[in-house]
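The values are calculated or read from the model by the stated rules, or taken from the named source; none is laboratory data. The shown structure was predicted, so the numbers you read here are calculated from the model rather than taken from an experiment. No Cβ is skipped: glycine too gets one built from the backbone with ideal geometry, and neighbour counts run over all protein chains shown. Quick note on the areas: whole protein, heavy atoms, side chains included, nothing else; ligands and nucleic acids left out. Shrake-Rupley method; radii C 1.70, N 1.55, O 1.52, S 1.80 Å.
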Amino acid sequence: MTASYLISASILSADFTRLGEQIQEAEKAGVDWIHVDVMDGRFVPNLSMGPFIVEACRRATSLPLDVHLMVETPEDLLEAFAKAGATNLTVHIETCPHIHRTIQCIHELGCKAGIVLNPGTSAQLLEPVLPMVDLVLVLSVNPGFSGQTFLPEVMPKVAAIRSKLDELNSPAWLEIDGGINRDTIVPAMQAGARVFVAAHSIFDYPGGIAAGVQLLRSRLWG
Ligand code: DX5
Ligand code: ZN
């Protein structure tokens, strides 16, 4: 049975001394995807992980690896991340002047193609490529760090993209990323998001990873 909602656990808040164990704990707790935040210290003010970590995640789990590329010139890195085992390669529209070519290239590498929008970027920019993508990711924080506060002003954009996808009868996933917790997951779902990324509220949850995942799931499925 295909689940109507998915949880993508962002390892940005994981304990990297025990990365494999933490991923396996999240998998056991019922997360659907593992989200890997790639940052280059230029497009966003932080440096994080490269293909080497994606490759380590690939050895730790068979769950889909949801790779979010917060980098300038992502097209230079697509092949390395695909080879490392990425399932979804999601690029920022703000970094892709030749977005059709970039999406095509992701597909040729055998990955699902995602497009992500910063909170300040208009959904209209997506329209020409919406029929080509497998996933749209809306950021509900300015990217760079986990543990930031959810921006509710992004919800009308989520709703507008949901309507467009429905109009197109598109099976593309609509994903939301940033500040997702027990409270914010509900308005995000009501606005039309179907995939929920969470770092802090899973890997830093005081009761542990399983309890954090369970709480998010209970807000979606009751
Ligand atoms: C933000 C990243 C997010 C981040 C989310 O730059 O794209 O994926 O890990 O972290 P939380 O869930 O803690 O806001
Ligand atoms: Zn992310």
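Observations on the structure shown:
- Residue match in region 133-144 (condition: open to solvent by 20 Å² or more (accessible area, probe 1.4 Å) and away from ligand 1 (no atom under 16 Å from the Cβ)): yes
- For region 59-78, the candidate set comprises residues that are under 17 Å from Thr90 (Cα atoms) and charged (D, E, K, R); within that set, the residue that is nearest to ligand 1 (Cβ to nearest atom) is Asp66.
- Residue match in region 54-77 (condition: at pLDDT 95 or above, within 14 Å of ligand 2 (Cβ to nearest atom), over 16 Å from the mean Cα position of the chain (by Cα) and not basic (Lys, Arg)): no
- The single condition among (1) more than 15 Å from the chain's Cα centre (by Cα); (2) part of a helix (DSSP H, G or I); (3) more than 26 Å from Gly222 (Cα to Cα) that Gln24 does not satisfy is (3).
- Residues in region 181-216 that are open to solvent by 10 Å² or more (accessible area, probe 1.4 Å) and farther than 18 Å from Gln22 by Cβ: Asn181, Arg182, Asp183, Thr184, Val186, Pro187, Met189, Gln190, Ala191, Arg194.
- Residues within region 41-76 that are assigned to a strand (DSSP E or B) and open to solvent by less than 40 Å² (accessible area, probe 1.4 Å), tallied: 6
- Count of region 160-172 residues which are in contact with a helix residue (DSSP H, G or I) (Cβ under 9 Å, 6 or more places away or on another chain) and open to solvent by 40 Å² or more (accessible area, probe 1.4 Å): 4
- Against the criterion of being closer than 23 Å to Pro156 by Cβ, open to solvent by less than 10 Å² (accessible area, probe 1.4 Å) and modelled with pLDDT of 95 or more, Thr121 does not qualify.
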